[in-house]
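Step one of this worksheet: look at the structure below.
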Amino acid sequence: MSCSGSSEMTLRLFVLVLLSVSAVAHHLGNETSTQGFISLDCGSAATSSYEDESTDIEYTSDDKYIDAGDSRSIAANYLNSVSTQLQTLRSFPSGPRNCYTLTAVQKNTAYLVRATFMHGDYDGSRSAGGGAQPVQFDLYIDVNFCKTVNVTDASTAYTIEVVVYLQADSVSVCLINTGLGTPFISVLELRPLNEALYTSVLNSATSLVLFVRLNLGTTTNEVVRYPADRYDRLWEPFISWSERLHFQPSLESLHTTSNVTNNVGDRVEAPLAVMQTAAVPRNSNKLEFYWDFAGSGAPVNEFYANLLFSELLPNTLRAFNIYLNGRSLDNNYTPPALVSDAIDNGNQPLTPSPRYQWVLNSTNPSSLPPILNALEVYTLMYLKNNLTNSDDVAAINGIRDLYNVKRNWMGDPCSPSQYAWQGLNCSSSGTDPTRIVAINLTGNNLTGEIPASLRQKSDEGMLKFRRRRDNPFQLENRQFTYEELEKITNNFKNDIGKGGFGTVYHGCLEDGTQVAVKLRSHSSSQGTKEFLAEAQNLIRIHHKNLVSLVGYCMDGDHLALVYEFMSLGTLQDHLRVGKSSSVAALTWGQRLQIAVEAAQGLEYLHKGCRPPLVHRDVKTTNILLSDSLEAKIADFGLSKAFQNDVDSHVSTNVVGTPGYLDPEYYFTYQLSEKSDVYSFGVVLLELITGQPPVLKLSQNNTSLVQWVHQRLATGNIEDNVDANLQSLYDVNSIWKTVDIAFKCTSRTSQQRPTMTDVLMDLKESLVLERARETSELPSMSSKNVDAENTGISQTSALEIEYFPGLSPAAR
């Protein structure tokens, strides 16, 4: 063979390789397969299975994925106008939280989760003609709030779409009853995603809630989805958003039949059918559009946007600048010819703004106006709650199935704390998964022998069964004699505080555990009734941010409660710091962390207790600090339980502390959880200013709330911040906390947020301050903001304290 022949063959081979690589690049992202798809037609018959006519996706009944809810059909007059999936639904008239648990998913994989809701007058509430109130309920993915579902029209299908990164081999989709109508769901869909998609913002701490996904150049009303989009994302025609997304000037469409390539590493992989069309401004070299946050329906004002471009007219010159709210994102940008490209706002969300104004300006020597093929915008969903340890979840599910437990045990066992499974005691630390430390199976009529496997574990010391003691509180807290208390406290030598009930003494148990002994004074105005109230409240509440009861004494006329010892005293001790004080002033970050932890304790009282509990005496002297500055709420002698968790308020005599007392409660005698919210707002103002709740100014007393309002009328925050902070704080964090405090101390309870809302806002404020600390003091360490989990441990005839997969009980 000649040298020339060899060279010719080599050239042919090289061309073939290039063609092969080009074909691979061209087809990347265009292969279609429903492998890994989960498609549930909610409320359909248990054996239902069919292929959708337009997508060929197989839909099955949701029956095997959930144990609760009622299967319903939409009204007959809607049936002919909707797809098969929307003709049935599942409603949940019972229970505060109902969850689908989907196990056919891959761990450490990104998924698109889509839930669709169409009322269709299934319950007859809409047939009277337009007068029905909207139905509202919350959607959670696993343990984190996603978005509020707001159904105002029975004939409209409402869709919520979320991109999540699953850290476990299962995912829960939960509907939360907020008291504004019965939750329901029509369709639930999961789609696995390519690991390269949305990587700049999608991670184990952040999910993405779809705001809008638009196909700008289409001239039809059709939604592009599978099989055109292999991930089955829904690309809506621009016309469906024309009233909410405002474009200037009017647009005209471009279209090509040529292939548009998705390159390797494409962060969006928009489908060919979307990228083959584009929009350009009519008779203008500027393309502008905007959306307003107010009224947008977005859950938060933090957006992540992808602008998608491809030049559809080859051999042309098109270049333009891209601006967002006047800030340049790209200069002289030239869309690649027949190749999909995306411009986004990087790994940071768009700066919160009342309006998001985008401008695409042609630049010289461009001969063509700006072009835009598609638009995809998400809001950020921060994952603030920890999942329960996967081994613990498997173990507790095994116990549920083994004993056929008849409780509303759905979703994550421990989180969020207000929806924790009844009878579980949970513990959380830092970013680690929450652990189940004890379970209580009271009320399930357990009969028969203990299974051999569990008995063997008990014999090996890995599983402990305990029987109920007979004591006044039906709890296995220690009962002390008065003589034992004398020994523990060294004959009541070291008093560490005084209150209306009596004196608190420092003590030490036989094993060295430090305790606080609260001994009732015989001259105290608070007697046996208050003593029993506090003891019984402490028995049924278990949370890491509430002071724990170690035991009690009812020895003759001697009454005492024995608590865990909080070595750093009260929060007030650390706020009234003078020059001669030996106590160091708290930093702003420490103050916010304490506020977050106290808010977690109050949220548990309001949402995690059954029935709910109102503290009624929230103040800085009732927030105690451990040696690591962990905050715990104390003193439950004035707490009031509602008769059930449905009542919003209860009539009762007014008690509390001046300066912290809710004015609405004072005048109306109507107590609610919002009374605690008011008091907590005063605590926040103390943290900010260092001032007491009532100030003595000249001859008059002025409330701290009124004083701060008057002082901030000029808009100057720095002059009102505690001087002990020495200006070491993020001013936006301070302002945000002031705003939270003002909302908490609104005159009427209806205007105040819930403790859940307060907690979420405080965590965001703490994130701002932690960012400042990190930038200024890189070595600074702090407790994790997201540590927020608890459980309930009640009296039981059989209490399992440890079993395979669970940590030893912390009792």
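Sub-8 Å Cβ pairs linking a first residue in the range 314-340 that is assigned to a strand (DSSP E or B) to a second residue that is surrounded by fewer than 17 Cβ atoms within 10 Å (Cβ to Cβ) and charged (D, E, K, R), at least 6 apart or interchain, are Asn321/Asp330; Ile322/Asp330, ordered by first then second residue. Restricting the search to strands (runs of 3 or more DSSP E) fully inside the range 30-81 and requiring at least 2 residues that are among the hydrophobic types (A, V, I, L, M, F, W, C) and surrounded by 13 or more Cβ atoms within 10 Å (Cβ to Cβ) gives 38-41. Of the residues making up the range 255-275, just one is in a strand (DSSP E or B) and surrounded by fewer than 19 Cβ atoms within 10 Å (Cβ to Cβ), namely His255. Residues in the range 276-288 that are surrounded by fewer than 19 Cβ atoms within 10 Å (Cβ to Cβ) and assigned to a strand (DSSP E or B): Lys286, Glu288.
Looking at this structure, is Thr206 buried (at least 18 other Cβ atoms within 10 Å of the Cβ), of a type in the set (S, T, N, Q), farther than 24 Å from Ile57 by Cα and under 21 Å from the mean Cα position of the chain (by Cα)?
On the way: buried (at least 18 other Cβ atoms within 10 Å of the Cβ): yes; of a type in the set (S, T, N, Q): yes; farther than 24 Å from Ile57 by Cα: yes; under 21 Å from the mean Cα position of the chain (by Cα): yes.
Taking the combined requirement at face value, the residue satisfies it.
Contact map, the range 392-405: first residue on the phi < 0 side of the Ramachandran plot, second residue at pLDDT 75 or above and assigned to a helix (DSSP H, G or I), Cβ cut-off under 8 Å, separation 6 or more or different chains; pairs are Val405/Ile399. Applying the criterion of at least 3 residues that are within 38 Å of the chain's Cα centre (by Cα) and at pLDDT 75 or above to the strands (runs of 3 or more DSSP E) found wholly in the range 463-534 leaves 514-520. Against the conditions (1) free of Cβ contacts under 8 Å to residues at least 24 places away in the same chain; (2) within 25 Å of Val260 (Cα to Cα), Tyr378 satisfies every one except (1). Filtering the range 355-380 to residues that are outside any strand (DSSP E or B) and buried (at least 22 other Cβ atoms within 10 Å of the Cβ) leaves Pro370, Ile371, Asn373. Here Phe320 fulfils each of the conditions (1) crowded, with 19+ Cβ neighbours inside 10 Å; (2) under 16 Å from Gln276 (Cα atoms) apart from (2). Under the condition of being closer than 30 Å to Arg478 by Cβ, surrounded by 24 or more Cβ atoms within 10 Å (Cβ to Cβ) and touching a helix residue (DSSP H, G or I) at 6+ places or on another chain (Cβ under 7 Å), the residues counted in the range 561-597 number 2.
The values are calculated or read from the model by the stated rules, or taken from the named source; none is laboratory data. No experiment lies behind these values; they were computed from the predicted model shown. Positions of Cβ are generated from backbone atoms using ideal geometry, with glycine treated the same way; all protein chains shown enter the neighbour counts.
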